[in-house]
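A.B. asks: If you scroll down you'll find the structure; I have some questions about it.
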Amino acid sequence: MSVLRRYEILLPSQFNDGRRVPEEFLAAALFDLERQFGAVSCETQTIHGFWQNQGESFRDPLVRVFADVEDTPVNRQFFIQFKERLKTRFQQHEIWMTTYLVEII
């Protein structure tokens, strides 16, 4: 049994202005995580996100990407920086990223 930390990221398939995000952007994000940690997963079902920013409403079709990694300060810092790169790449006000401990049995 081992304990790891899961990082989940909801990546949009549309930019904030409604244009489609090129599929290569998602592929690049997955490649970045696989290269860094040796494994990554994503779900093909669409998650529908509804949110507001400064009084403006947004509707996002999202893809859930997740990686289970060692729970270290170095890995946490990687994800903090990765989130900022994703916000720029996907031209987003925000990228929803969560983390929690997982137990592998």
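Only the coordinates and a few stated rules stand behind these numbers; no lab work does. All of these numbers come straight from a predicted model, not from anything done at the bench. Because the Cβ atoms are built from the backbone with ideal geometry, glycine has one as well, and the counts that use them run over all protein chains shown.
A.B. asks: About the Cα centre of segment 2-104, how large is the charge dipole given +1 on each Lys and Arg Cβ and -1 on each Asp and Glu Cβ? Please answer in debye to the nearest 20.
C.D. replies: 200
A.B. asks: When the expected Rg is taken as 2.2 N^0.38 Å, what fraction or multiple of it is the alpha-carbon Rg of the chain?
C.D. replies: 1.10
A.B. asks: If you don't mind, another one. Please name which of Thr88, Phe66, Val3 has its Cα lying farthest along the dipole of the chain towards the positive end, using unit charges on Cβ (Lys, Arg +1; Asp, Glu -1) and the Cα centre as origin.
C.D. replies: Selected residue: Thr88.
A.B. asks: At a Förster radius of 41 Å, what calculated FRET efficiency corresponds to the Cβ-Cβ distance of Glu70 and Arg19, to the nearest 0.05?
C.D. replies: It comes out at approximately 0.65.
A.B. asks: Moving on to the next point. Mind listing which GluC sites (Glu not before Pro) in segment 69-105 are in a DSSP loop and have 15 or fewer other Cβ atoms within 10 Å?
C.D. replies: For GluC sites (Glu not before Pro) across segment 69-105 that sit outside H, G, I, E and B with at most 15 neighbouring Cβ atoms in 10 Å, the list reads Glu70, Glu94.
A.B. asks: Please arrange Leu62, Leu4, Leu11 by counting, for each residue, the other beta carbons lying within 10 Å of its beta carbon, fewest first.
C.D. replies: Leu4, Leu62, Leu11
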